[in-house]
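Below you'll find the structure, written out as structure tokens, and then a few comments.
The values are calculated or read from the model by the stated rules, or taken from the named source; none is laboratory data. Values in this document were obtained by computation on a predicted structure and should not be read as measured data. A quick note on method: Cβ atoms are made from the backbone with ideal geometry, for glycine too, and the neighbour counts reach across all protein chains shown. Side chains included, ligands, DNA and RNA excluded: accessible areas come from the protein's heavy atoms. Shrake-Rupley method; radii C 1.70, N 1.55, O 1.52, S 1.80 Å.
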Amino acid sequence: MSDASNRAKQYYELLNLYGDYVRTGFRSAHAAPVLKKPDDTAARKGALEKLGAEVRACTRCDLCHNRLKAVPGEGTLDPLVMVVGEAPGADEDETGRPFVGAAGQYLDKWLQAIHVTRRTNAYIANVIKCRPPQNRDPRPEETGACLPYLTRQVELLRPRFILVVGRVAAQVLLREERGIGALRGGTYRFQDVPLVPTYHPSAVLRDQSLRARVWDDLKRLKSLFEHA
Ligand code: URA
């Protein structure tokens, strides 16, 4: 029996129509049922909360010694867009929430412009979950220790798209050495999720001439999800 006939026979068995099959062969009137994926939303939500607790208690690198609060991330499950930044700053370290300072408020405006919010259809996280002293660049051993948390978040959240902001995060996720000016403009993949890089909101607050390029990147992201 061919693969197709075998599959059809399995569907008929599933439908308790195997008797029909034996009597009359396959009948096109009986459409093959769509086999639904099990709804694992509650399990993923639980696993994400457990992961958050693990991050808050993490001692995998030296950044744990000086942090006030680790910052796992926040937003919705199955987000349209997952935003990935570099690391918490002072405001995030104090509150335990990602992107809540000036850069975060600016980021929220960017997202609103393409109808994305952390309350409805976004998840916001960082490559590094604890604040580096004086906001210095994270060290390779710190990104190495922390990246598995982000990898797991992507697995559990299943974002449709990733927007990565800033050089450091883009270089870590893409395993690239080029700067953000060279990386932006392209669409890449991280764990098979389409990824769009752009400048970090702090950089744009410092240099407003970057605004037009960020807007181009956001429009491209919007067009990707509108045509997906
Ligand atoms: N900058 C980041 O990259 N992440 C934050 O959460 C805040 C500022």
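For the reader, a short list of remarks on this structure follows.
- Selection of the range 97-150 for residues being hydroxyl-bearing (Ser, Thr, Tyr), open to solvent by less than 60 Å² (accessible area, probe 1.4 Å) and farther than 12 Å from Glu86 by Cβ yields Tyr106, Thr117, Tyr123, Tyr149.
- Set side by side, the residues Ala47, Ala8 differ, and just one is at pLDDT below 95, open to solvent by less than 100 Å² (accessible area, probe 1.4 Å) and not in a loop (DSSP other than H, G, I, E, B), which is Ala8.
- Any hit, the range 95-109, residues being within 13 Å of the ligand (Cβ to nearest atom) and among the basic types (Lys, Arg): yes
- When the range 77-94 is filtered for residues that are near the ligand (Cβ under 10 Å from one of its atoms) and either open to solvent by 20 Å² or more (accessible area, probe 1.4 Å) or not in a loop (DSSP other than H, G, I, E, B) (or both), the ones remaining, listed by number, are Val83, Val84, Gly85, Glu86, Ala87, Ala90, Asp91, Glu92, Asp93.
- Residue match in the range 162-178 (condition: more than 25 Å from Leu210 (Cβ to Cβ) and surrounded by fewer than 21 Cβ atoms within 10 Å (Cβ to Cβ)): no
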